[in-house]
Amino acid sequence: MPASADGLIDAAFVNYPADPPKTVQETPGRGGEVNVVTWTTSAAPTPMDSNALWQAVNKELGVDLKINIQPQADYPTVKLPTLIAGGELPDIVYIATNSVIPQFPTFLKSKCADLTPYLSGDAVKDYPNLANFPTLAWKQVIYNNAIYGVPVPYPLYLWVHWVHQNLLDDEGLSRPKNAEEYKNLGQHFTRPDQNLWGMGAENNVGLGVTNGWLSGIFGMPNIWALDEKTGKLTAHVETEQFRAAVSYAKDLWNAGIFHPNAMQYNLVSARNDFAARRFAFRFDGFQSASITFWDNAPNLTPPGKPRIMAPFPAVDGGKPTYWPSMPAGILGFSVIKQASPERIKEMLSILNWLAAPIGSQEFLLMNYGLKDTHWSPDAMGNPILNARGKSDALVPFRYITQGPVALYYTRDPQYAQVMQDAEKTMLPFVAMNPTEGYYSPTKDSKYPAIAQRLYENVNDVVLGRQPLSYLNQVTKEWLDNGGNQMRTEFEQEIAASRGG
């Protein structure tokens, strides 16, 4: 099922192509070592010395690709800033979207290769797989009016509203159409004696207020709202929608609808408990989480049916918002350290190979490994990983770069249609952050801290540790500790882009 022309709806595959093409005909590397640093969101893979998949990829690349794999938890805030401060960069560095790098444009200009001569205009045709990236992804790697990275394309849809659809189907119930119906369903499925609750959230999302979940129901802007006429920005914490979402979350908490482990959950533990059907509704990842949920569904009694709900408003006739991935369309990007033109071209050729799209021989090798060694085909030819394959295939190539995402799951032919249909229901409600594409040094240095304080403060109000009136102080703190300065910097950038 093809992607939309603008790339906002992703392609989907029911089965893997029976005769996958090879997208790169010549060996991209010139021998020797290529050093990369990136993160992983899963367990560590089998080490390269005993990983047949990794070794096979290196053979195709024509280099010894050595990947320094770091845990996701502290990579953007500790490991990556420490590496950059040390001054000695590997050949390729993965920059996560939430990385804390002060004066980021200055770092790029002083330490990283300007890729504009190699990737702008017709020059990108030398790297066909990179040329295949959606325009939206390339917009996110432009700094100093130059291209400074190779994107990791990702769906516009990062966090989505999950439901165990079989719970509704078994009782002939419909999905909620407004906040009141949602609360009623949450209460209906809160059955502690059955180890089931209405909703489940981790401890760093303000019980759904700061991550686009409940905030989206109330139409809260995606961090900022822009008045197109005046060029002025309004922060999400300054809106009535923010207060309404906090009040609603508090109402849900007081009704006992949230799983009581909310303040102990992290992303992984909350995700695993939703996969085990410990709660009916949850806001979680679109792509990686869907695989976790689909993998576990057959193990449930009765078998599970995880599905994504379309955005719905707080009240009938209202307008919900859907917060896309930030920056939209990428999950970070890779920079190349400054080097000779020939070395930069070699690194781009390697990245071009890693960017081979789903359906290709290269993608099959990176994600599933060698036939018979790592996987066996099912009746339709789909690669089904064995135990060795599941371990060897954990190499995080996709956190260096990857081809445009396509929706595909080897074990269920319904997955592709279900997920693409879900994208189509969310697209009309996408609320882009209007500051994307503009730079604020204060955002780089202070936003992670004020974002953390915001969810901590919201948690305190929702759980009853502070009264609702405390939101006045919450808003003031967010603005005083960086929000107002960010606003000034972004407004100046926006005005400059408009010739003001």
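Structure values in brief
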| read-out | value |
| --- | --- |
| Close pairs from the stretch 465-476: first within 14 Å of residue 453 (Cα to Cα), partner among the aromatic types (Phe, Trp, Tyr), Cβ under 8 Å, at least 6 apart | 471/242; 475/242 |
| Total residues in the stretch 68-90, condition assigned to a loop (DSSP other than H, G, I, E, B) and either open to solvent by 70 Å² or more (accessible area, probe 1.4 Å) or of a type in the set (Lys, Arg) (or both) | 3 |
| Those residues of the stretch 169-225 which are under 19 Å from residue 430 (Cα atoms), open to solvent by 40 Å² or more (accessible area, probe 1.4 Å) and over 24 Å from the mean Cα position of the chain (by Cα), in sequence order | 177 |
| Qualifying residue in the stretch 437-453 (condition: of a type in the set (S, T, N, Q) and assigned to a loop (DSSP other than H, G, I, E, B)) | yes |
| Residue selected from the stretch 311-324 under the condition surrounded by fewer than 18 Cβ atoms within 10 Å (Cβ to Cβ) and on the phi < 0 side of the Ramachandran plot, by the criterion nearest to the chain's Cα centre (by Cα) | 319 |
| Filter result for residue 256 (of a type in the set (Gly, Ala, Ser), farther than 30 Å from residue 94 by Cβ and without any contact (Cβ under 8 Å) to a residue 24 or more places away in the chain) | no |
| Tally, over the stretch 15-60, of residues that are outside any helix (DSSP H, G or I) and of a type in the set (D, E, K, R) | 5 |
| Criterion violated by residue 104 - all others in (1) touching a residue at least 12 places away in the same chain (Cβ under 8 Å); (2) under 24 Å from residue 43 (Cβ atoms) satisfied | (2) |
| Test result for residue 347, crowded, with 23+ Cβ neighbours inside 10 Å, under 21 Å from residue 55 (Cα atoms) and of a type outside the set (Lys, Arg) | yes |
| Residue within the stretch 363-372 that is on the phi > 0 side of the Ramachandran plot, in contact with an Asp or Glu (Cβ under 9 Å, 6 or more places away or on another chain) and open to solvent by less than 30 Å² (accessible area, probe 1.4 Å) present | yes |
| Of the criteria (1) aliphatic (A, V, I, L, M); (2) at pLDDT 95 or above; (3) in contact with a strand residue (DSSP E or B) (Cβ under 8 Å, 6 or more places away or on another chain), which one residue 289 fails | (2) |
| Selection within the stretch 359-408 - small (Gly, Ala, Ser), part of a helix (DSSP H, G or I) and closer than 12 Å to residue 45 by Cβ | 389, 391 |
| Hits in the stretch 325-341 - residues which are assigned to a strand (DSSP E or B) and open to solvent by less than 20 Å² (accessible area, probe 1.4 Å) | 330, 332, 333, 334, 335, 336 |
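The values are calculated or read from the model by the stated rules, or taken from the named source; none is laboratory data. Fair warning: this is a prediction, and the values are worked out from it, not measured in the lab. Here Cβ is always computed from backbone atoms with ideal geometry, including for glycine, and neighbour counts include all displayed protein chains. Note: accessible area is taken over every heavy atom of the protein model, side chains too, but ligands, DNA and RNA are not part of it. Shrake-Rupley method; radii C 1.70, N 1.55, O 1.52, S 1.80 Å.
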